1. Would you please name the residue that is nearest to Ser59 (Cα to Cα), looking only at residues in region 172-202 that are in a loop (DSSP other than H, G, I, E, B) and without any contact (Cβ under 8 Å) to a residue 40 or more places away in the chain?
2. Among Asp141, Asp161, Asp109, Asp99, which is the only one that is in contact with a Pro (Cβ under 8 Å, 6 or more places away or on another chain) and among the acidic types (Asp, Glu)?
3. Quickly run through region 288-320 and pick out the residues that are touching a Phe, Trp or Tyr at 6+ places or on another chain (Cβ under 9 Å), in contact (Cβ under 8 Å) with a residue 24 or more places away in the chain and either over 14 Å from Tyr334 (Cα atoms) or not in a loop (DSSP other than H, G, I, E, B) (or both).
4. Output the qualifying pairs, or none if there are none: Cβ atoms under 9 angstrom, residues six or more apart or on different chains, first residue in region 87-106 and farther than 16 Å from Ser66 by Cα and modelled with pLDDT of 95 or more, second residue in a loop (DSSP other than H, G, I, E, B) and of a type in the set (Asp, Glu).
5. Just checking, does region 7-16 include any residue being on the phi < 0 side of the Ramachandran plot, at pLDDT 95 or above and either away from the ligand (no atom under 12 Å from the Cβ) or in a strand (DSSP E or B) (or both)?
6. Going by the structure shown, is Asp34 modelled with pLDDT under 95, more than 16 Å from the ligand (Cβ to nearest atom) and of a type outside the set (Val, Ile, Thr)?
7. Report, ordered by the first and then the second residue, all pairs with beta carbons closer than 9 Å, sequence separation of six or more or different chains, a first member in region 29-52 that is without any contact (Cβ under 8 Å) to a residue 40 or more places away in the chain, and a second member that is among the aromatic types (Phe, Trp, Tyr) and surrounded by fewer than 22 Cβ atoms within 10 Å (Cβ to Cβ).
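The values are calculated or read from the model by the stated rules, or taken from the named source; none is laboratory data. Everything numeric here is computed off the predicted structure, so don't read it as measured data. Heads up, the Cβs are rebuilt from the backbone with ideal geometry, glycines too, and the neighbour counts pull from every protein chain shown.
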Amino acid sequence: MSTVDERADVPSTNQETIMELRDVSVTFPMGRGDSRVLDNVDIDVERGEILGIVGESGSGKSMLASSMLDGVEDPGITTGEVTYYPPDADPISVLDLDDKELNKLRWEDVAMVFQGAMNSFNPTMTIRGHFRETLEAHNADVEEGMRRARNLLSDLYLEPDRVLDSYAHELSGGMSQRALIALSLILQPEMLIMDEPTAALDLLMQRSIVSLLEELADKYDLTMVFITHDLPLVAKLADRLAVLYAFELVELAPTEDVLLSSSHPYTRALLRATPNVNAPLEEMKPIEGVAPNPSSVPKGCSYHPRCPVATEQCTKSDPSLFEVDDDHRAACFYPDEARESVPFELDGETEHTADLTSNRGGQ
Ligand SMILES: Nc1ncnc2c1ncn2[C@@H]1O[C@H](COP(=O)(O)OP(=O)(O)OP(=O)(O)O)[C@@H](O)[C@H]1O
């Protein structure tokens, strides 16, 4: 297994890596050949960061989330390398783990929360039962663990006693989603992967969960991967953004770079379709053209049929992630032309753009 120092030139800043994905692909065997639903993704998740992964519906976001914990459902096949770097132990090759080892990793090192908490809880068990069962299954000290559970529930602005004594159906959607986040953190993982964790919730609850997540990440030194189709939502939270298009990573950069100087025409179209970073997703305008499905991914750059700056080159070769700037990568042969041809103006401030504006003011 490669060490951190030997790593290839891939999208990352110079911080310490907690999870490394190399050439990660997911395919489903279909009647007429394989369907590739995640295509050679390379990414380094940095310890302590909040990484947002955005993309349209069907772009491969859930496949990416699942592949990080070797959780793609049968008959899907995940290939490539996923390496988890524990703080004080040898690296773990996630795709080589057996079921028992995976189960340990999933709770104790890298937890995962999906949308729709209702389906994650057993309807015949109280929330307390779920916490106890998880602690017992991992041979953890139950009394100490339950103390932690109460703290986590309080951190998430829930009344611990009321929630612990309830069944999931007795809680509102927002409460059960927060209880699920608390449960996912009960064995003190280093990293939390969330796949559309707020999708089923109303706008106000989405926003409030996002700010709670930020507080949690800070308090518990958590690394977070937040996967969503809601760019305005994740822009408020993430330190870096990764953009997926047609099962491939097309741009990766610090959030403010994406918001102010994105270099892939798809990211720019996505931002142009976002009238205001504070506006709800429902106000986004559609992007012209349609995203390909797995059986019809265009040759060359998969975005070329929708792209205003595409040339013949783009119909023939598929650009890899080029370095635009130190820690900014985009899979486009023509980033300068893209910036010129796809203008957008972002109204509204995120924490990131606000910081930039105030820095500029001081110059
Ligand atoms: N079990 C499966 N068998 C074959 N193809 C699948 C299967 N599950 C998903 N896919 C396909 O994989 C592709 C990527 O799906 P994925 O769920 O990762 O997209 P997504 O970006 O998470 O979308 P959404 O936001 O709608 O959840 C889609 O084209 C989908 O149709």
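1. The first filter runs over region 172-202 and keeps only residues in a loop (DSSP other than H, G, I, E, B), leaving 172, 185-190, 196-202.
Next, only the ones that are without any contact (Cβ under 8 Å) to a residue 40 or more places away in the chain stay: 172, 201-202.
Details: Ser172: 30, Leu201: 22, Asp202: 23 Å.
Looking at residues that are in a loop (DSSP other than H, G, I, E, B) and without any contact (Cβ under 8 Å) to a residue 40 or more places away in the chain, I get Leu201.
2. Working: Asp141 fails: in contact with a Pro (Cβ under 8 Å, 6 or more places away or on another chain); Asp161 fails: in contact with a Pro (Cβ under 8 Å, 6 or more places away or on another chain); Asp99 fails: in contact with a Pro (Cβ under 8 Å, 6 or more places away or on another chain).
Selected residue: Asp109, the only one of Asp141, Asp161, Asp109, Asp99 that is in contact with a Pro (Cβ under 8 Å, 6 or more places away or on another chain) and among the acidic types (Asp, Glu).
3. Across region 288-320, the qualifying residues are Ala291, Pro292, Pro294, Val297, Ser302, Arg306.
4. Ile92/Asp109
5. There is no residue in region 7-16 that is on the phi < 0 side of the Ramachandran plot, at pLDDT 95 or above and either away from the ligand (no atom under 12 Å from the Cβ) or in a strand (DSSP E or B) (or both).
6. Values: modelled with pLDDT under 95: yes; more than 16 Å from the ligand (Cβ to nearest atom): no; of a type outside the set (Val, Ile, Thr): yes.
In short, no.
7. Short answer, once both residue conditions are applied: Asp34/Phe28.
So that you can scan it fast, the table gives a plain yes or no per residue for (1) in contact with a helix residue (DSSP H, G or I) (Cβ under 7 Å, 6 or more places away or on another chain); (2) more than 27 Å from Leu271 (Cβ to Cβ); (3) not in a loop (DSSP other than H, G, I, E, B):
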| position | (1), (2), (3) |
| --- | --- |
| Glu56 | no, no, no |
| Ser62 | no, no, yes |
| Asp70 | yes, yes, no |
| Pro75 | no, yes, no |
| Thr78 | yes, yes, yes |
| Asp88 | no, yes, no |
| Leu95 | no, yes, yes |
| Lys104 | no, yes, yes |
| Ala111 | yes, yes, yes |
